[in-house]
Amino acid sequence: MKYVPRILIALSVLLSGMALIPFVGLPEEPFNWQQFAGVYTDPALSINHPAGAPGSFFTVTGYNFPPDETFDVLVNGVKIGEVTSDPAGGFTFLIDTTGADPGTYDVNVDGTMVRFQVIIDAPVQPQEGEGTVFALPAGIDLHFIYLPLISR
Amino acid sequence: MKPLSRGSTESTQPTVHRPPAIDRPQGLVSESQGGPLPRALQQVPYLASHLRLDRWTLVSFSLPLLLYLFTLPPTVYNLDSAELTTAAATGGLMRATGYPLYLTVGYLWSHLPIGDVGYRLNLFSAVTGALTLALAAQILRRLRVGGWAIFGALGLLATGTYFWGLSLIAEVYTLHTALMAGLILALLFWGEAPSPRRLGLVGLLTGLGLAHHAAFVLLLPGLAWYLLVVAPRAVFAPRALLLASAGLLLGLSFYLYLPLRYAAGPAFNYAGTYDAALVFHPVDLRTPAGIWWVVTGRSFAGQMFAYQGAELWGETWNFVGHLSQAFFTAGVGPGILGLFLLARRDWRKAGMLGLMFAASAAFYIDYRVIDKATMFLPAYLVWALWAGYGFQQLLAWMRQVSPGRAGSWSVSLLRGVMVAAVLLAVAWNWRLVDLSGDWSARARGESILRNAQADALVFGWWDTVPILQYLQLVEGQRPDVQAINRFLISPANMERAIQAQLPDRPVYVDSAPVDMLGTIAARPAGPVYRLSLNSSSTGFPGQEAKTEPPEDRR
């Protein structure tokens, strides 16, 4: 049985690298060119109007996102739907503000943001373009409170 | 419990003037024996006569090659592969660091009558990857490492995602590692009997390596170390210096490719920049300054030595992760063991390998690029040698203490674990690297060309333009389209060029130019965007913007 400790030591050396697995993991990423595609450009969102009265439609267009992927659409942190990018990494969706409260809204797709405001006195923006329409729920508007700054 | 012994196979005699161990194998018969090749092959003069082309070397070449052939992409691949393939097949010029050896050999290889040109250059990587492993097997044989240990170490290297993946696509790395393995082998060969002719071979391989990739310079500290600690007088003997210099110059002569091809005005040229009028200004490769600009990678200087402090430590830890994954974690322990035992028993060779490993790893750890995990291949190669040495010492240690049936059983157990690790790596990594059904690069390029209107101008990054240029310059598709890599034109010049060209010709871009969306509109056209002048105001957050419906896509 003298050889048993040696076997255990040898096996320990052979398998010691497994101790790194919790920290570095095993290979999981496919080795392909797509993982390096689009790394030079940042995704961006555009919106057709900065503001509109309740009942307005806002068209949001995404550019330079990873192609053929589905993303959550968040408004002020609340998920209102999902959108799938096309082969060029673009997408378009509309936001229907009927029933939404006046206020400021931040649209967030995969960490990229664009802002619009619903203002009672603003013109009603009609529906422009095509795409999935997401209804903006009430009660999620942002209200900013500006505190006075006092300096000596 | 005894400490790990020096084993029965490793001589402690000085390296210099030791007779070629591989010619007279001692001990480890069952680990290292292999049938000789046919006599005709062994009659190849000089170098081949000193190589023991046994079954393990053949296995080290043929098994990985078979694996790579099964998983090779059937046509041109994307990014740098498309660039390299196009440049090699058309006698073009690359960005830094020039790669004249690859372009010369690749040009000849691209005429093989098999598959399309893209496939041929992918195959070239597979062959040079397998050649790396065969040469590494020869190195390990010279370190008195037996067949099973060679299989375990090189099997893990060959089936790791990085080495396997880079052996499947047209890339510079496996030719780099083949030359590196050849250089190490030549150094060991010289160390056994330091003759001027053998030093000439070292010089030749150094020259070839430098003519392939300027990063070969990272191996020079290890090379200099070995030459100086083994036989400095033999290095500075006039005849040795003469032959080494001649070999070096012969290898470096491949740099003549750059001025010669520059003078020919190749259609594919990435050594230069475009201005706003889309006039290309090539770097003058007929001048030493121009060649120096390319060779030293001046266009990438900003990425070198880019990390400091905690960020650098983070990158170092990332390297540990890459290294672990490159050997499916199973090569980590034996690599460390091999490193220390080799340092104890042969500090000359250990110093050479250690310096090569350290320089290669340190440079790329501190290099700010996204695909640097693939650039550690030289470091992985050295690690595989250490792992092979470690495997061998473990096997020898087991046999030493248990010479009977139990010893045989325990050795078989260790061999089984090594083989199982390799097979597990194959099974695990196959799904990650298999490109045998990957037509995506060609499909993307052909889709863009199909959608492009006549005389179109296409701006794009590496995943867009090189594949278009391959289809145009190698296969003759859509010569009316002008494709410009955004790497070769500044953002300001590209914006000016877009504004100037839009009224006269269709302009496409692979990602919407965010800064321009106030004056132009972008609508998807296949995998790219078609740009058009926007009469109304458009914009981004806080501005008005205009979107257009997608163009018809086929």
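The values are calculated or read from the model by the stated rules, or taken from the named source; none is laboratory data. Computed from a predicted structure; not experimentally measured. All Cβ positions, even for glycine, are placed from backbone atoms using ideal geometry, and neighbour counts span all protein chains on display.
Odds and ends about this structure:
- Residue check: residue A:31 meets all listed conditions (1) within 7 Å of chain B (Cβ to nearest Cβ); (2) modelled with pLDDT of 90 or more but one, namely (2).
- Listed here are the helices (runs of 4 or more DSSP H) enclosed by the range B:176-281 that have at least 3 residues being over 23 Å from residue B:143 (Cα atoms), in contact with a helix residue (DSSP H, G or I) (Cβ under 9 Å, 6 or more places away or on another chain) and modelled with pLDDT of 95 or more: B:196-212, B:238-252, B:257-264.
- Taken across the range B:381-400, residues that are of a type in the set (Gly, Ala, Ser), in contact with a strand residue (DSSP E or B) (Cβ under 7 Å, 6 or more places away or on another chain) and at pLDDT 95 or above do not occur at all.
- The residues of the range A:137-152 that are assigned to a loop (DSSP other than H, G, I, E, B) and farther than 16 Å from residue A:98 by Cβ, listed by number, are A:143, A:144, A:145, A:146, A:147, A:148, A:149, A:150, A:151, A:152.
- Residue list for the range B:282-293, restricted to those being farther than 15 Å from residue B:487 by Cα and not in a loop (DSSP other than H, G, I, E, B): B:288, B:289, B:290, B:291, B:292, B:293
- Contact map, the range A:82-96: first residue in contact (Cβ under 8 Å) with a residue 24 or more places away in the chain, second residue assigned to a loop (DSSP other than H, G, I, E, B) and β-branched (Val, Ile, Thr), Cβ cut-off under 6 Å, separation 6 or more or different chains; pairs are A:92/B:547.
- From the options A:66, A:87, A:123, A:50, residue that is at negative phi and over 22 Å from the mean Cα position of the chain (by Cα): A:123
- Here the condition is being within 11 Å of another protein chain (Cβ to nearest Cβ) and surrounded by fewer than 24 Cβ atoms within 10 Å (Cβ to Cβ); of B:346, B:371, it holds for B:371 alone.
- Looking across A:116, A:93, A:134, A:71, one residue alone is more than 12 Å from the chain's Cα centre (by Cα), assigned to a strand (DSSP E or B) and more than 14 Å from chain B (Cβ to nearest Cβ). It is A:134.
- Scanning the range B:120-132 for residues that are out of contact with any Pro (no Cβ under 6 Å at 6 or more places or on another chain) and either without any contact (Cβ under 8 Å) to a residue 60 or more places away in the chain or in a loop (DSSP other than H, G, I, E, B) (or both) returns B:120, B:121, B:123, B:124, B:125, B:128.
- Pair list, Cβ under 8 Å, 6 or more apart: the range B:61-81 residue within 11 Å of chain A (Cβ to nearest Cβ) and on the phi > 0 side of the Ramachandran plot, other residue in a helix (DSSP H, G or I) and surrounded by fewer than 20 Cβ atoms within 10 Å (Cβ to Cβ): B:79/A:36
- Check on residue A:110, on the phi > 0 side of the Ramachandran plot and crowded, with 16+ Cβ neighbours inside 10 Å: yes
- Check on residue A:54, assigned to a loop (DSSP other than H, G, I, E, B), surrounded by fewer than 20 Cβ atoms within 10 Å (Cβ to Cβ) and at the interface with another protein chain (Cβ under 10 Å from one of its Cβ atoms): no
- Where residue B:458 falls short, out of the listed (1) within 14 Å of chain A (Cβ to nearest Cβ); (2) outside any helix (DSSP H, G or I); (3) surrounded by fewer than 17 Cβ atoms within 10 Å (Cβ to Cβ): (3)
- Options B:326, B:310, B:330: the member that is out of contact with any Asp or Glu (no Cβ under 9 Å at 6 or more places or on another chain), in contact (Cβ under 8 Å) with a residue 12 or more places away in the chain and over 27 Å from residue B:208 (Cα atoms): B:330
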